[in-house]
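The values are calculated or read from the model by the stated rules, or taken from the named source; none is laboratory data. Note that the structure is predicted; figures quoted are calculated from it, not measured. Using ideal geometry, Cβ is built from the backbone for each residue, glycine included, and neighbour counts are taken over all protein chains shown. Accessible surface is based on the protein model in full, side chains and every heavy atom, while ligands, DNA and RNA are left aside. Shrake-Rupley method; radii C 1.70, N 1.55, O 1.52, S 1.80 Å.
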Amino acid sequence: MMNERERFTRCAFGQDLDMLPVQCDFSGSGLKHFLASKGITNVSDLELLPFFPNHVLYAYMNGAVLQMKTKNFGGKAVITDEWGCDWDTSQDLFYCSHPIPDWEDYEKYVFPDPWAPGYLDYTEKLVKEYAETHIVTAYHFCCLFERAYILRGFENVLADFIEEEELVSDLLDRITDFHVELAKRYIQLGVNCGRTVDDYGSQIGMIMSPPMWRKYIKPRLARIIAVYRNAGLPVIHHSCGNITPIIEDLIEIGVNVLNPVQPNVMDIQELADQYGKRLTFFGGICNQNVIPFLKPEEIDANVKHVTEILGRNGRYIISPSNGVGMDAPLENVEAYCRAALKYRHI
């Protein structure tokens, strides 16, 4: 019988499996709520393992990202990350400042150091304790487009793509350089998977046109992914929204696993038909409309239905399409978990 690391890796590369991998990720608040129901006050992905056989553990960077994922803010209403961006601790992953709102501020902006001492202490712990048995994946949070608009402002960056090509290209290059070095450090520490996090889609389509994405994002994302692929590791890319027009591009630059595969915005039958033999899907169980609102028996039927579609080629990690929030009734979360374990054998 394969362990979680072996099973996920084989699934990512389209190799034979004993059963499908499973995952149940939560938002920070959702995780806190679920663990509290088990009498656990320590908010950590690791606390989930006795209750559900998650295959993936995320190697969060020390600092604001780890604080947000563990809901450990030290009583602060706002925390500041290594990029100088502020985050509202009353919500899950909600930024509330822009360090470079005007290009006049760019020259004096100081970029973070991916090799800073202590930055990956949590990664070292995960690798040491779990890399033999689980996927310990890098976590390139707010990788390119997202980091650019958090630094500059969302509307500013979209305008920059048209009006300030030289400046925004330099900004994206500097962000890319950071993540390339971070990827090298992750590999040096022993992670066994790469994961880039950068949203390109909305509920109704791409945030930017595919040609603009190919101009500004694709070659830079390819540089980061290449570090992991050259090391022989699988790569997950996370992008919310409908990004169907660029899936072929993601495969081309080396993405093995697509997450979160939102079934309410993308046609999962079309995805399975066109890409199911070349790409592994990770997600697909809707955390917006299914897990929070359906009855447990309806959740069971939905997990079976989605797994039959996305898992028919053996390249599917059964998982909610995004982190389960605290709006999901605990009985529904348990229903999802039971169904995932039941239908992973299809």
| query | What residue among G75, G205, G63 has the largest mean-square fluctuation in a Gaussian network model of the chain, using Cα springs under 10 Å? | reply | G75
| request: Keeping all protein chains in place, calculate the accessible area per residue for segment 74-150 (probe 1.4 angstrom), answer in Å². | output: 48 Å²
| Directionally averaged projected area (convex hull, Cα atoms, segment 13-140), nm² | 10.7 nm²
| Rg/Rh for segment 184-291: what does it come to with C-alpha atoms and Rh from Kirkwood? | 0.97
| remark: The summed charge of the I40 Cβ neighbourhood (under 14 Å; Lys/Arg +1, Asp/Glu -1) stands at +1
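Is there a quick way to get the dipole size of segment 18-122? I mean about its Cα centre, with the Cβ of Lys and Arg at +1 and of Asp and Glu at -1; what is the value in debye to the nearest 20? Intermediate values should be presented prior to the final figure.
On the way: 6 positive and 15 negative charges, 126 e Å.
Rounded to the nearest 20 debye, it is 600 debye.
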| field | For the chain, diffusion coefficient by Stokes-Einstein and Kirkwood Rh (Cα), 20 °C, 1.002 mPa s, µm²/s | value | 105 µm²/s
| request: State the Cα centre-to-centre distance between segment 297-342 and segment 79-124 in whole Å. | output: 34 Å
| request: Could you please report the charge total around D121, scoring K, R as +1 and D, E as -1 over all other residues with beta-carbon less than 14 angstrom from its beta-carbon? | output: 0
| Percentage relative contact order, the chain, counting C-alpha pairs under 8 Å, at least six apart | 20 percent
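Within the accessible area of segment 1-156, what % is carbon and sulfur when the probe is 1.4 Å and the other protein chains stay in place? Don't skip to the end; give the middle numbers.
On the way: 3330 of 6800 Å².
Summing carbon and sulfur atoms, their accessible area is 49 percent of the total for segment 1-156.
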| Rg [Å, one decimal], Dmax [Å, integer] - segment 49-111, C-alpha atoms | 15.2, 52
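Considering only the other residues whose Cβ falls under 10 Å of the Cβ of P112, what net charge follows from Lys and Arg at +1 and Asp and Glu at -1? Could you put the intermediate results ahead of the total?
On the way: positive: none; negative: D81, E82, D113.
Here the charged neighbours net out to -3.
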| Classify segment 159-211: rounded, prolate or oblate, from the alpha-carbon gyration tensor (a ≥ b ≥ c, eigenvalue square roots; a/c under 1.5 rounded; otherwise prolate if a/b is larger than b/c)? | oblate
| message | Compute the angle between helix 330-343 and the longest alpha-carbon principal axis of the chain, please, reported from 0 to 90 degrees and rounded to the nearest 10. | response | 70 degrees
| remark: Quick calc, the chain, dipole around Cα centre from Cβ unit charges on Lys, Arg (+) and Asp, Glu (-), nearest 20 debye, gives 1280 debye
| task | Using only the alpha-carbon atoms of segment 237-346, report the extent along each of the three principal axes, biggest first, to the nearest angstrom. | result | 41, 27, 18
